1. Could you tell me the calculated FRET efficiency between residue B:69 and residue A:44, based on Cβ-Cβ distance and R0 = 25 angstrom, to the nearest 0.05?
2. Among B:216-222, B:277-283, B:110-116, B:179-185, how do they line up by average Cβ neighbours within 10 Å per residue, starting with the highest?
3. If you count only protein heavy atoms and use a 1.4 Å probe, how large is the accessible surface of residue B:305, to the nearest 10 Å²?
4. Just how large is the dipole of chain B about the Cα centre, in debye to the nearest 20, putting +1 at every Lys and Arg Cβ and -1 at every Asp and Glu Cβ?
5. In nm, to one decimal, how far is the residue B:254 label point from the residue B:381 one, both placed 7 Å along Cα→Cβ?
6. Express the Stokes-Einstein translational diffusion coefficient of the stretch B:73-200 in µm² s⁻¹, to the nearest whole number, given a Kirkwood radius over alpha-carbon pairs, 25 °C and a viscosity of 0.890 mPa s.
7. Would you mind checking the tilt of helix B:290-317 against the longest principal axis of the Cα atoms of chain B, expressed as 0 to 90 degrees and rounded to 10?
8. Report, by chain and number, residues whose modeled amide H sits under 5 Å from the one on residue B:157, excluding near sequence neighbours (fewer than 5 apart, same chain).
Amino acid sequence: MTGRLRALAIVLGLAALLIATVLADAARRRAARDAEASHRLLVRVIRLPDLALSSSSRWLRHPSQAEPGAALADLPAGLDVDPAGALIGPPRAVLEAGRSR
Amino acid sequence: MRRQLALLDYAVGALGRRAGKSAALGAGLAFVVALFGAALLLTDAIRAEHERLVEEMPDLTVQRLVAGRPALIAESFADELRGLPAVRAVEPRVWGYYFFAALEANVTIVGTERADPALDAALAHGRLPREGAEVAIGEDLADHLGLRVGDAMGIPLDGDIVFSPVVGTFGGGSAIRSADLVVARPAHARRLLDVEEGWATDLAVDLTTEDEARVITRRITERLPGARVLERRLLRRTYELTFDARGGLLAFLLVPALAAFLLLAWERLSGLGDAERREIGILKAIGWATADVLAARVYESLVLSLTGAAVGIALAYAYVFWLGAPGLWGALLGWSNLRPALDLAPALDPLQALSLLGAVVVPFVAVGVVPAWRAATLDPDRAMRGAE
C-alpha cells in the first residue's frame, strides 16, 4: 500500500470515528432520557404531553388541545398554527394591555 | 481490485496537488451538510420528544363548546360518562393559562389531586402540593421570579396578591415540559383560574381499550351536543404531520444554500485549469480509457464529499446537542419569554441521514464528473495543447 493510500485510510478512518462518536453519544443520550423517571412522572401528574415551546401564545403551548376560534381551531396540532410567528412579534402594547393593576 | 486501488491512489494524489481547492470545497460541503443536518436533527428530536410521552395522555379529552368557543364543562357530566361501557375512569380537570404580567408570559396552571409520594420523583426539588395553596412550579419560572422551595409565590388576583407556598420545583430533564408550569391542588387552581366549583376545563376519559375510542366518541357527542372529543390515537398522527411539515419547511429554507454551494462547486470544477486539462490529455495519450479518467474523478469527488459530509454531520450534532443550537433554538422559540434550555434526546433517523447524503453528495459527485467527462472525450493531442 502506498503512502497516499495509507493517508487516505487514516482520513476515512477518522471520518468513520467521528460518525461512530456521534452515534455512540446519541445512543447514550437516548438511554439516559429513557431511564429518566421524572419526565414520565411529570406527564402522569399533569396529563398534558405538550412541550413548553411557547409561553407567549397560549394556542401554541398545548398543540394537543384544539381551541376553536384560535389558531388550532380545526384540529389538534393543526398545520400552519402560527404562519408568521417566527417572523413577527406582537406589539409590546398588546402585552401591556393584559397587565392587572 | 489492484486497478481500482491504483485509480484511488491517483485520485488522492490529484487531491493533494490541488490541496487548497480541495480543502475549500471540502469545507464548503461540510458547512452545507452541517446547516441541513442541524435543522433535521433539531426537528427530529422535537418530534421524538413530543411522541415519547403521548401515551400518558388520556385516551379521550372531552371539551365543551359554546358559540364556537371552549367553555367550562359541568363536572356532573363526568358521572354520565362513567356509566358508558368501556369507560374505565373519568377525571374532571381544572387547568388553564394565567397571564403573568411581570414576565409578559403565560404560565400554565394545572390542578391535580395526584399527590402520591411516589410521584414526587417528578420534581427536581421538594414535593407535589398536598394541601391548601401549595404549588410546585417549573424551574425556569422559579428562576425568573427568583423563587426557591420554601418561598411564597405572589400571584396578582382581583387587585390583591395571593401568596402560594412553593413546595417543589420541576426541572432537570423535564424542563422542556415544565418551564412555565404551576401545579396546585384543584381548589387552589380553581381560585387562581376563577373556575367555579362544579365546573371543569375538560374531562379526561380513560378507556379499558383504546379500540373503543371511536364508538365512545360518537356516544359522547350524542349525549352532549357541542362536545369536542380529542382522541389520543389521532393526535399521534397529527403530531407527525405537523413536525414533518415544519421540519420540511426549515430544510426548504436551506435549499438556496445548497444550490449556491453546488453552483460554486460547478464553477470551480467546470473551469478545468490548463494543467488539469493537460493532465487528462497525457493520461489519455499513455493509454488510459475514458472510463478510467472518470473513475479517478469519481473517487476524488467521493473522498472529498464523504469526508466533508462526515465532518458536517459531526458539526451539526455538536452544534445542536452539545452547544444547545444557539441562534437556531432562539429563532424557533420566537418571542416567548419563558423558554426552556434545549435538552432533547437525539432521534437519528437512518433514512433521513441517507437522504441528506443523497441530496448533497450525489449532486457534488455529478458536478465534478461532467467537466472531466467533457475533457476526457477530447482528442488527447488537443487536450494537451489546452484546447476547449
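1. 0.25
2. On the way: B:216-222: 16.0, B:277-283: 19.7, B:110-116: 17.7, B:179-185: 27.1.
Final packing ranking: B:179-185, B:277-283, B:110-116, B:216-222.
3. Surface open to solvent at residue B:305 totals about 0 Å².
4. Details: 39 positive and 47 negative charges, 364 e Å.
I would put it at about 1740 debye.
5. If labels sit at residue B:254 and residue B:381, their model points lie 5.1 nm apart.
6. D, rounded to a whole number, is 160 µm²/s.
7. Around 30 degrees separate the two axes.
8. B:162
The values are calculated or read from the model by the stated rules, or taken from the named source; none is laboratory data. Please read all numbers here as calculations on a predicted model, not as lab measurements. Here the Cβ is made from the backbone with ideal geometry for all residues, glycine too, and neighbour counts use every protein chain on show. Remember, those area values only see protein heavy atoms, side chains included, never the ligands or the DNA or RNA. Shrake-Rupley method; radii C 1.70, N 1.55, O 1.52, S 1.80 Å.
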